[in-house]
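Below is one structure; the comments refer to it alone.
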Amino acid sequence: MPLWLQWTLIVAGLVAIACLLWFIRKQTKLLAEGRKRQQKAEAFQAKRREDMIGSIRVIAMAVEEDQIEYSEACLRIKGLLDHVAPHLLEEAPFRVFRTVHEKLEHMPTHRARQATETRFVEKMDKERFEVEEAHADEIRRAATAIRHHQFD
């Protein structure tokens, strides 16, 4: 084999090695960035979950101290539990949050409520108060239980 061919093959091999090293370094950097992004997203989700659990406990405490209407508390707790621990809505005593939500979900809230005729709003309020009264003891027990519940 001629000397010039040997040197050409050596140089080609070195160029191939350099290209492969560059590619490996680039891929390693991309993987590290991906891991860092994943960890940041997981930390954000964990913080968000902890904030939701804190909100559930604050609402439950407000129920125990009669600082919030039971219907509003049930709607809010049910919405938060849908994200944090939806399986709890199937278990006693927490099932009452879902039950009250289902009985009240047809009622307009916020701006829709303000735009609704006064007589209809009064009729809905009466219905809402009846639901609250019918489930008041269950709601208080569930609020106490959820406030002390240890979320995974």
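The values are calculated or read from the model by the stated rules, or taken from the named source; none is laboratory data. This structure is a prediction, so every number in the text was calculated from the model and none was measured. FYI the Cβ positions are ideal-geometry reconstructions off the backbone, even for glycines, and counts take in every protein chain you see.
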> Are any residues in the range 1-16 of a type in the set (S, T, N, Q) and surrounded by fewer than 10 Cβ atoms within 10 Å (Cβ to Cβ), and if so, which ones?
Replying inline: none
> Looking only at the range 112-142, which residues are modelled with pLDDT under 80 and assigned to a helix (DSSP H, G or I)?
Replying inline: A112, R113, Q114, A115, T118, F120, V121
> E33 versus (1) touching a Lys or Arg at 6+ places or on another chain (Cβ under 9 Å); (2) free of Cβ contacts under 8 Å to residues at least 12 places away in the same chain: which is the lone unmet condition?
Replying inline: (1)
>> Just the residues that are of a type in the set (S, T, Y) and loosely packed, with under 14 Cβ neighbours inside 10 Å, please, taken from the range 17-74.
In response: T28
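Kindly state which helices (runs of 4 or more DSSP H) lie completely within the range 1-107 and contain at least 2 residues that are of a type in the set (F, W, Y) and closer than 30 Å to R140 by Cβ.
Working: elements: 3-64, 70-84, 95-104.
Qualifying helices (runs of 4 or more DSSP H): none found.
If you check T109, T99, which single one turns out to be on the phi < 0 side of the Ramachandran plot, modelled with pLDDT under 90 and of a type in the set (V, I, T)?
Numbers: T99 fails: modelled with pLDDT under 90.
Going through T109, T99 in turn, the sole match is T109.
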> Is at least one residue of the range 77-94 in contact with a Ser or Thr (Cβ under 8 Å, 6 or more places away or on another chain) and either buried (at least 17 other Cβ atoms within 10 Å of the Cβ) or of a type in the set (A, V, I, L, M) (or both)?
Replying inline: yes
